[in-house]
Amino acid sequence: MVWRFVLESGIVTGRLLVSTGCLVIAVVGTGCGGRPAGFPETAAVTGVITFDEMPLEGATVSFLPDEGRSSVGTTDSAGRYRLKFTGTVSGAVLGMHHVSVSKQAPDPDFKITKEEQEMLENGDFLIPTVDVVPGRYQGRASELTAEVKSGRNSFDFALTSD
């Protein structure tokens with residue numbers, strides 16, 4: 001109704017309205033494009049992590065280059081991960097990486113007391129955790145490596161407990 005009034009009153013012509021609409025669509029449709037200025041070139045990285053031949057759900061997968069920012073992803077129920085360089089930039093920088101896989105789980109040997117249970121319910125206590133994944137797969141000392149190349153990259157890792 002407002003647009004009809006605007007058009008009929010001659011404030012804005014139909015041609016101007018259509019031109020403006022096309023311009024808005026063109027700008028929104030193209031977006032910013034590319035990566036932000038100053039960011040290194042990245043490439044898409046996905047893969048699957050298994051642990052003792054089973055998908056490893058809820059693990060943190062980090063690709064750690066020799067220099068610069070790392071990329072991180074989390075595995076889903078099928079063990080699949082997709083790396084993010086930042087909140088808005090996917091992938092990992094090109095080059096060699098140490099691959100770190102880690103997952104924490106509640107310590108099965110921990111027995112909670114009544115007092116600790118009350119503190120837990122109030123948010124004043126955290127249940128102790130243990131590493132699910134052996135240390136040889138964690139951090140820069142990890143025995144896992146991958147070379148990220150331009151284009152799409154897929155790296156699957158079969159981890160074992162022994």
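The values are calculated or read from the model by the stated rules, or taken from the named source; none is laboratory data. Remember, predicted model here, so these are calculated numbers, not experimental data. Methodologically, a virtual Cβ is constructed for each residue, glycine included, from the backbone with ideal geometry; neighbour enumeration extends over all protein chains shown.
A few points about this structure:
- Elements of the type strands (runs of 3 or more DSSP E) sitting completely within the stretch 97-162 and holding at least 3 residues that are of a type outside the set (S, T, N, Q) and surrounded by 14 or more Cβ atoms within 10 Å (Cβ to Cβ): there are none.
- Conditions (1) among the acidic types (Asp, Glu); (2) over 21 Å from residue 55 (Cβ atoms); (3) in contact (Cβ under 8 Å) with a residue 40 or more places away in the chain: number failed by residue 156: (2)
- Checking 134, 106 one by one, the residue that is within 22 Å of residue 50 (Cα to Cα) and modelled with pLDDT under 90 is 106 and no other.
- Pairs with Cβ under 7 Å, 6+ apart, first in the stretch 130-146 and under 23 Å from residue 109 (Cα atoms), second aromatic (Phe, Trp, Tyr) and not in a helix (DSSP H, G or I): 133/51
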